[in-house]
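The structure under discussion appears below in the form of structure tokens.
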Amino acid sequence: MIAQINIDYALCRDPLNCRKCLSVCPSVVFVCGPTKVWKGRESDSREYKIFGRYYDKCSGCGDCVKVCPANAVQLIFVPREQLARKFREERAAQLKER
Ligand code: SF4
Ligand code: SF4
């Protein structure tokens, strides 16, 4: 089993200034970065997203879920193959959009 970390971006509105989940995580699972890179100007803080990148390091402590003031973090443990399938489907959908 492996952690699937879902962030509800409708609830996580200002991740760059919040970052509570990122700060509390003892396994450094989260990263926060811009969704767009613009030449010649800084990214707006609303263009940042936080996501669980290093989910294979997650111990399942649940601290990120508890600390989130917006209840935006959901943590479930799924079989590794199920998560791999989800990523493949998301990637295929992204490629279709291009
Ligand atoms: S459950 Fe714990 S280890 Fe896993 S992402 Fe959240 S804070 Fe990090
Ligand atoms: S703690 Fe919640 S609201 Fe804050 S950055 Fe993380 S997911 Fe977003």
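The values are calculated or read from the model by the stated rules, or taken from the named source; none is laboratory data. Predicted, not measured: the structure shown is a model, and the values here were computed from it. Cβ placement follows ideal geometry from the backbone for every residue including glycine, while neighbour counts extend to all protein chains displayed. Note: accessible area is taken over every heavy atom of the protein model, side chains too, but ligands, DNA and RNA are not part of it. Shrake-Rupley method; radii C 1.70, N 1.55, O 1.52, S 1.80 Å.
Scanning segment 48-69 for residues that are among the aromatic types (Phe, Trp, Tyr) and in contact with a helix residue (DSSP H, G or I) (Cβ under 8 Å, 6 or more places away or on another chain), which turns out nearest to ligand 1 (Cβ to nearest atom)?
From segment 48-69, those among the aromatic types (Phe, Trp, Tyr) are 48, 51, 54-55; that's our starting set.
Narrowing the set further to residues that are in contact with a helix residue (DSSP H, G or I) (Cβ under 8 Å, 6 or more places away or on another chain) leaves 48, 55.
Details: TYR48: 18, TYR55: 7 Å.
Step by step, filter segment 48-69, then rank; the result is TYR55.
Which pairs do you get when a residue that is free of Cβ contacts under 8 Å to residues at least 40 places away in the same chain, found in segment 17-37, comes within reach of a residue that is open to solvent by 90 Å² or more (accessible area, probe 1.4 Å) and not in a loop (DSSP other than H, G, I, E, B), reach meaning Cβ atoms under 8 angstrom, with the pair 6+ apart or on two chains?
Taking only residues 6 or more apart or on different chains, the pairs are SER27/LYS57; VAL28/LYS57; VAL29/LYS57.
Return the residue satisfying two criteria in turn: it lies in segment 16-46 and is within 16 Å of ligand 1 (Cβ to nearest atom) and hydroxyl-bearing (Ser, Thr, Tyr), and of such residues it is farthest from CYS58 (Cα to Cα). Spell out how you get there, then give the answer.
Taking segment 16-46 first, the residues within 16 Å of ligand 1 (Cβ to nearest atom) are 18-32.
Right, trim to hydroxyl-bearing (Ser, Thr, Tyr) and you get 23, 27.
On the way: SER23: 14, SER27: 6 Å.
Checking each candidate, the answer is SER23.
If you scan segment 1-21, which residues turn out to be surrounded by fewer than 18 Cβ atoms within 10 Å (Cβ to Cβ) and part of a loop (DSSP other than H, G, I, E, B)?
MET1, ASP8, TYR9, ALA10, LEU11, ARG13, ASP14, ARG19
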